[in-house]
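Read-outs: derived from the displayed coordinates by stated rules, not from any lab. Keep in mind that this is a model prediction, so the values were computed, not measured. Cβ placement follows ideal geometry from the backbone for every residue including glycine, while neighbour counts extend to all protein chains displayed.
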């Protein structure tokens, strides 16, 4: 089953905005692509452009053979080098790759946050996968909640001098909520 065009657009826009939001706060990101790429396809253009707009030190791209990204030695090594304790997850196949990657990240000791508006699957119902992730400790959040929690974490609003001094002007076109 292919994802319908309207839903695909919303997910791509929401994920691209998430990339821009995380980039603004200088939060490192990893993009993974499942092999074989000629069958699975590249990153959607809008997301790829958002990643390309960030400094190279914030982004890494990996191809993977496993559903669980933590089973890939290069990815696992990169994660260790980042020295982070939390992971924010977006992506496809909620009930396969997202599920197994979240469980793998939890096993490595990460706090894992999954952004609802950036998750999708070819399956019609991912309730069981989400319930399993949540039972294991994955925290489901919305784009809007994450947006404001990141602002709160730095003790600022979008317009405070502290935020602007630390990160530069907040992008006027970065929405505070996801699209449906």
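For segment 67-109, count all C-alpha to C-alpha pairs, find those more than 15 Å apart, and express that count as a whole percent of the total. Mind dumping the intermediate values first?
Values: 333 of 903 pairs.
Percentage above 15 Å: 37.
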Open item on the list: Translational diffusion coefficient of segment 100-142 at 20 °C, 1.002 mPa s, Stokes-Einstein with Kirkwood Rh over Cα pairs, in µm²/s as a whole number.
Closed with: 199 µm²/s
Task: Protection proxy ranking, peptides 37-46, 65-74, average beta carbon neighbours within 10 Å, highest first - done: 65-74, 37-46
Open item on the list: Rounded to whole Å, give me the distance from the Cα center of segment 1-69 to that of segment 111-180.
Closed with: 15 Å
TODO: Starting from the Cα gyration tensor of segment 34-92, take the square roots of the eigenvalues, sort them a ≥ b ≥ c, and report rounded, prolate or oblate (rounded when a/c is under 1.5, otherwise prolate if a/b is larger than b/c, else oblate).
DONE: oblate
- [ ] Please figure out what share of the DSSP beta bridges in segment 5-167 is antiparallel and state it in percent, rounded to the nearest 5.
- [x] 0 percent
Task: Cα shape, segment 23-123, gyration tensor, a/c 1.5 rule - done: rounded
- [ ] Return the inverse of the average 1/r over all pairs of distinct C-alpha atoms in segment 86-180, which is the Kirkwood hydrodynamic radius, in Å to one decimal.
- [x] 14.7 Å
Task: Convex hull volume per residue for segment 7-49, taking Cα atoms only, in Å³ - done: 68 Å³
Open item on the list: Cβ neighbours within 10 Å, averaged per peptide: list 165-175, 22-32 in order, most packed at the top.
Closed with: 22-32, 165-175
- [ ] For the chain, calculate the relative contact order in percent as a whole number, restricting contacts to Cα pairs under 8 Å that are 6 or more residues apart.
- [x] 22 percent
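When only C-alpha pairs under 8 Å and at least 6 residues apart count, what is the relative contact order of segment 133-180, in percent?
Taking the mean separation of contacting Cα pairs over the length of segment 133-180, I get 37 percent.
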